[in-house]
1. On the given criteria, is Glu26 touching a Lys or Arg at 6+ places or on another chain (Cβ under 8 Å), on the phi < 0 side of the Ramachandran plot and not hydrophobic (A, V, I, L, M, F, W, C)?
2. Which ones in the stretch 47-71 are hydrophobic (A, V, I, L, M, F, W, C) and within 15 Å of Gly1 (Cβ to Cβ)?
3. Starting from the stretch 10-27, take each residue that is more than 15 Å from Pro39 (Cα to Cα) and list its partners that are open to solvent by 60 Å² or more (accessible area, probe 1.4 Å), counting only C-beta distances under 6 angstrom and pairs at least six apart or across chains.
4. With open to solvent by less than 50 Å² (accessible area, probe 1.4 Å) and in a helix (DSSP H, G or I) as the only criterion, which of Ile32, Ile22 stands out?
5. Do you know which of the residues in the stretch 37-71 that are among the hydrophobic types (A, V, I, L, M, F, W, C) and in a loop (DSSP other than H, G, I, E, B) is most open to solvent (accessible area, probe 1.4 Å)?
Amino acid sequence: GNHSHSHRSLNRTPLDEYRDDILRAERELESILGPGSKPRYFRHPLLHVGTDLETRRSFEAWVTARGYEIA
């Protein structure tokens, strides 16, 4: 699973920076897992899902489109 690189809170981090941090962790995980392997799950650091519904839904749509299931 992907838990982000820096374990930042989505409640305190701008969404674009939060996504960039997840992409960084994704690249690192893929290098460990090997070619063709990708993490399947995402877990929000601190269980923070954003301070408003718009941020939460936007992030969930993005992470789901990347093939993750939110754990």
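1. So Glu26 passes the test.
2. Leu47, Val63, Ile70, Ala71
3. From the stretch 10-27, the pairs are Asn11/Thr51.
4. None of the other options fit; the residue is Ile22.
5. Top of the filtered list is Ala71.
The values are calculated or read from the model by the stated rules, or taken from the named source; none is laboratory data. Computed from a prediction, not measured in an experiment: that's the story for all the values here. Please note: Cβ atoms are built from the backbone with ideal geometry, for glycine as well, and neighbour counts cover all protein chains shown. Each accessible area value is taken on the protein alone, full model and side chains, heavy atoms only, with ligands, DNA and RNA left out. Shrake-Rupley method; radii C 1.70, N 1.55, O 1.52, S 1.80 Å.
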